[in-house]
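Asks: Okay, handing you the structure first.
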Amino acid sequence: MESTEKKFGASKGRFKILLTFTLAIIALFVMIQTLAITMAEGTIPTYAQSPVITPTLTTEEKIQEYIDAHIILGDVMPEAEEVVMEPQEVAALDVAWSGNTGMVGNPGDDVIYTLTLSNVGSEDDTYDVTAASGWASSLSGTSFPVSSGSSTNVSVTITIPPAAMVSDSDTAVITATSQTDAMVSASVMLTTTAGSEILYLPLIFKPLPAPTLSATRPNSANDWQMNWDNDNADITGFELQQSQDSTFASGVTTFNLANNVASQLIDTIQPSANNVYYYRLRTQKDSQNSPWSNVVAVVGAYYDDFTSNQTGWSGPTLKDAMRRLTFIEKVDSWYENNDWLIIRVEDSWDWAIASPMMPAPEPPYVIEFQSKPANLGNLVSHGVVFGGDWGGAACPDWSSLTGVYAHKNCFNHFYNANLIWSSDTDLTLLWERVDKLVYCPTCGGSPLKRLGDVNDVLPFHPNASSWNSYRIEVRSSGIKFYLNGNLKYTYNDTRWINDPYFGVFASTDEYSNSTWRYEYLKVTPLDN
């Protein structure tokens, strides 16, 4: 009996092994069949896997990603994508002026301008016409119906005052306003100058020549001097005029000067957000005046503490001050609480420049500003740009997408003190010399690439989330960057420093919303 049980136990063990092997073969066969069926159906079964661990990038690696996405080093330029524009529709309501805008007449005379008022809209309209002039003026009418595509003549009469002196002038502003929509209007300026047909006998009167005027560059105290030649012993004096209007039609300050002077010190001008002054000079002899001299423009110290919202950093539609931008719906600049300037860039890889298009003084000069982040995010950045160019055309041209994103009207080159925030104690200076811009939305990263030189990437460790003070000295010998009063960086390539336009900058990396506050911005001449 015991022998039989042992034999049965051994047989049972061999049966279990055989059964296990057989089941394994069957399971493998089923698995192979299932895999074949699912592959034939275009699906792949999923199985539990260990989690995939993505390596954490260092700050340096993240900044390199930022550089790769925004900047192309050297002269290699990608092929710009052609921007296909939809045909621009003619505005329903639009109006324009044409005709002669400058005439000369004798004191007491009526000078008559014949202007052409054109309806350049697609709908018929009627225009109310008004005149604003320092001298007496009259119009041939005040209401003019004009059909679409047609024009009509408007006569404007300007009466030169009998007491006007030779070379005195007046600028009249003639405005046509749509009766359908008062927001549609056009203006033209007419400049009338008093001349003379008096014949002076050579032995009795000798015409006074127009003097030549010049100016010294402002010093660090924002003082400068106007100079002229004085070699006419018969004169009785000089009249020097100062204005921030290049036509001298408004805001004129007059200096009546003795006949023995050849200069005038200007030492009462405070730095302001309107820092350009115009000067002209004429010689006087009894009641006779010479023609006006050449007009000299002087650019003094600039200062804006952003307590006024009328200094050009924003506008009625907010985006008016955006000069370079990559996503019109997601960038903006505005004044906040009559205390700060805000610039915001909200979308991935985008950047923008805001500027009032006021010039910096002639080098050497210094830019000073104070700023802080208003939104803390991964590699949000800001700074100031300077050395920007501008040809005087619309900047940008808002009439088309090409004009907005790919224009060549301003800031085609500049320096960018790009300050990148990465933590409460980490701020990195990415110093950029931008030599060229190319709009390439299919190139990856930023659709508007900056081409030039990134000379250095410098980490700093201030209280990066609070207010910090910055200073950039711009000299022909080099550019120096200071953080909170300490010299941090020197750059020796000065190729763009004589282009005077400056602004503020902000950008993002792959994350959104770079928002920065500026407490003030000051641009001051430096002594040589």
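Asks: Does segment 217-226 include one or more residues that are in contact with a Phe, Trp or Tyr (Cβ under 6 Å, 6 or more places away or on another chain) and at pLDDT below 95?
Replies: no
Asks: Can I ask one more? Which one of the conditions (1) more than 19 Å from the chain's Cα centre (by Cα); (2) crowded, with 18+ Cβ neighbours inside 10 Å; (3) under 20 Å from I497 (Cβ atoms) does C440 fail to meet, given that it meets all the rest?
Replies: Of the numbered conditions (1) more than 19 Å from the chain's Cα centre (by Cα); (2) crowded, with 18+ Cβ neighbours inside 10 Å; (3) under 20 Å from I497 (Cβ atoms), the odd one out for C440 is (3).
Asks: Continuing with the same structure: Could you go through segment 297-306 and let me know if any residue there is in contact (Cβ under 8 Å) with a residue 12 or more places away in the chain, under 30 Å from A194 (Cβ atoms), crowded, with 19+ Cβ neighbours inside 10 Å and not aromatic (F, W, Y). Spell out how you get there, then give the answer.
Replies: Of all residues in segment 297-306, those in contact (Cβ under 8 Å) with a residue 12 or more places away in the chain come to 297-306.
Then drop every residue that is not under 30 Å from A194 (Cβ atoms), which leaves 297-298.
When the remaining residues are screened for being crowded, with 19+ Cβ neighbours inside 10 Å, the result is 298.
Adding the requirement that they be not aromatic (F, W, Y) leaves 298.
Yes - at least one qualifying residue is present in segment 297-306.
Asks: What strands (runs of 3 or more DSSP E) completely inside segment 95-168 contain at least 3 residues that are modelled with pLDDT under 90? Walk me through how you get there before you give the answer.
Replies: Numbers: elements: 95-98, 102-105, 110-119, 125-132, 136-139, 143-146, 151-159.
It comes to 95-98, 102-105.
To keep it simple, each residue is scored yes or no on (1) assigned by TED's automatic domain parsing to the domain that holds P447; (2) over 30 Å from R471 (Cα atoms).
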{"site": "Q242", "(1), (2)": "no, yes"}
{"site": "D245", "(1), (2)": "no, yes"}
{"site": "S250", "(1), (2)": "no, yes"}
{"site": "L265", "(1), (2)": "no, no"}
{"site": "S272", "(1), (2)": "no, no"}
{"site": "T317", "(1), (2)": "yes, yes"}
{"site": "L325", "(1), (2)": "yes, no"}
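Asks: Got at least one residue in segment 473-488 being among the basic types (K, R), in contact (Cβ under 8 Å) with a residue 12 or more places away in the chain, crowded, with 18+ Cβ neighbours inside 10 Å and in the same structural domain as L325 (by TED's automatic domain parsing)?
Replies: Looking through segment 473-488, none of the residues is among the basic types (K, R), in contact (Cβ under 8 Å) with a residue 12 or more places away in the chain, crowded, with 18+ Cβ neighbours inside 10 Å and in the same structural domain as L325 (by TED's automatic domain parsing).
Asks: Would you mind telling me which numbered condition in (1) modelled with pLDDT of 95 or more; (2) within 28 Å of Y113 (Cβ to Cβ); (3) crowded, with 18+ Cβ neighbours inside 10 Å Q242 fails?
Replies: It fails just one condition, (2).
Asks: Are any of the residues in segment 462-471 in a strand (DSSP E or B) and closer than 16 Å to V380 by Cβ? Write out each step before concluding.
Replies: Here is the first cut: in segment 462-471, the ones in a strand (DSSP E or B) are 468-471.
Narrowing the set further to residues that are closer than 16 Å to V380 by Cβ leaves 468.
Scanning segment 462-471, I find at least one residue that is in a strand (DSSP E or B) and closer than 16 Å to V380 by Cβ, so the answer is yes.
Asks: Any residue in segment 188-207 that is modelled with pLDDT of 90 or more, within 30 Å of A92 (Cα to Cα) and either surrounded by fewer than 15 Cβ atoms within 10 Å (Cβ to Cβ) or in contact with a strand residue (DSSP E or B) (Cβ under 8 Å, 6 or more places away or on another chain) (or both)?
Replies: yes
The values are calculated or read from the model by the stated rules, or taken from the named source; none is laboratory data. Note that this is a predicted model, so its numbers are computed, not measured. Here Cβ is always computed from backbone atoms with ideal geometry, including for glycine, and neighbour counts include all displayed protein chains.
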